[in-house]
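Participant: Structure in structure tokens, see below.
Laboratory data are not the source of any read-out in this text; all were calculated from the coordinates shown. Worth saying up front: this structure is predicted, and the values here are computed from it rather than measured. We place every Cβ from the backbone using ideal geometry, glycine too, and count neighbours over all the protein chains shown.
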Amino acid sequence: MTKDSKPTLAARRAFLAKLGGAATGAAVGAAALGILPAASARTEAPSAGASFPTKDYDWTKHQWGFGVDANKCIGCLRCVEACKKENDVPGNAHQFRTWVERYVYLEGEDHVRIDSHQDPVNIAASGSEKEYRFANRYKDAKVDKGFFVPKLCNQCTHPACVQVCPVGATYRTKDGVVLVDPTYCIGCRYCVQACPYGARLFNEEKGVADKCTWCYHRITKGLQPACVEVCPVGARVFGDQKDKESPISLFIRNNRVQVLRPESGNAPNVFYVGIDKEVN
């Protein structure tokens with residue numbers, strides 16, 4: 001095959017998308033009949049080498065974890081803005097690697113009101129889809145209780161997104177972070193649909209799935225995720241669970257932590273304090 005006749009990346013993805021769709025459809029049908037065993041999660045990069053992900057980093061010596069203290073979060077959204085800039089997330093009010101939700105209980109009501117900065121009222125209040133803030137919509141209401149809850153990828157121990165990827169583009173690293181290899185992703189969006197937390201997005205410009213990686217390019221160099229670094233109140237906590245004195249180990253040990261949707265069986269690695277049953 002000559003250089004000029006080599007298939008383009010777009011053509012390759014189109015072919016793999018068709019192949020992956022057919023293969024996945026067959027596998028799902030067979031699995032439903034009990035013919036095929038469940039797929040096992042990958043624990044290495046498709047093209048792992050001695051220098052992956054960085055030359056001096058050993059991913060077998062770490063087990064990363066993330067903590068969120070909803071009692072501290074003030075909904076300033078600095079974390080969202082920092083994430084957008086750090087990870088080149090599309091600059092609109094509809095796609096995020098991390099976001100924040102507001103939970104409000106009004107006097108006399110038996111249900112919670114939930115909104116995020118993706119809500120049309122909040123977008124209108126900011127005046128731009130590239131600026132994020134919460135509208136002061138409850139200034140004249142009698143609020144019984146209210147709090148903010150940061151959301152992000154839970155980097156599950158048993159990630160549903162990995163199980164459904166037909167080409168192995170989504171995989172779980174040995175240090176506990178779920179990544180997406182854009183050179184393998186065919187844009188089928190099965191992973192986006194499979195995530196029970198709504199933590200994945202599809203980048204239309206690049207034609208690939210995207211998600212929070214806890215700023216993997218930073219943490220493997222000894223840095224904090226961008227959202228943790230900019231939080232002015234310490235509502236976000238990150239560290240190595242193998243280190244018993246790390247910030248995340250102390251956070252888990254010293255608090256009554258919860259995870260989102262434990263019944264899903266995904267075993268999340270984002271631990272919360274200060275939330276109630278309405279948060280999922």
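Participant: With charges only on Cβ, +1 for K and R and -1 for D and E, what is the dipole size of the stretch 159-231 about its Cα centre, in debye, rounded to 20?
Facilitator: Taking the Cα centre of the stretch 159-231 as origin, the dipole is about 160 debye.
Participant: Under a 5 Å amide H to amide H cut-off, with H placed in plane at 1.01 Å, what residues pair with GLY67 once short-range neighbours are removed?
Facilitator: Amide H neighbours of GLY67, under 5 Å, 5+ apart: VAL237, PHE238, PHE271.
Participant: Between SER128 and ASP56, 0.36 nm times their residue separation minus their Cα-Cα distance comes to what?
Facilitator: Details: separation 72, 0.36 × 72 = 25.92 nm, distance 4.19 nm.
Going from the current span to full extension adds 21.7 nm.
Participant: Quick check: convex hull over the Cα atoms of the stretch 39-280, volume per residue in Å³, rounded to an integer?
Facilitator: Spelled out: Cα convex hull of the stretch 39-280, divided by residues, is 131 Å³.
Participant: While we're here: Which of the lysines could be linked to LYS55 by a straight reach, that is with a Cα gap under 30 Å, when you skip same-chain ones fewer than 8 residues away?
Facilitator: Within the straight-line cut-off, LYS55 pairs with LYS84, LYS85, LYS174, LYS206, LYS211, LYS221, LYS242, LYS244.
Participant: What does the charge count near TYR197 come to, summing +1 for each Lys or Arg and -1 for each Asp or Glu among other residues with Cβ under 9 Å from its Cβ? Before the final figure, lay out the partial values.
Facilitator: Working: positive: LYS151, ARG200, ARG261; negative: none.
In short, +3.
Participant: Put +1 on the Cβ of every Lys and Arg and -1 on every Asp and Glu Cβ in the stretch 39-280; which of VAL162, GLY65, GLN258 then has its Cα farthest towards the positive end of the dipole?
Facilitator: GLY65
Participant: A further question follows. State to the nearest 20 debye the size of the charge dipole of the stretch 107-211 about its Cα centre, where the only charges are +1 on K and R beta carbons and -1 on D and E beta carbons.
Facilitator: Values: 14 positive and 14 negative charges, 56 e Å.
The dipole of the stretch 107-211 has a size of about 260 debye.
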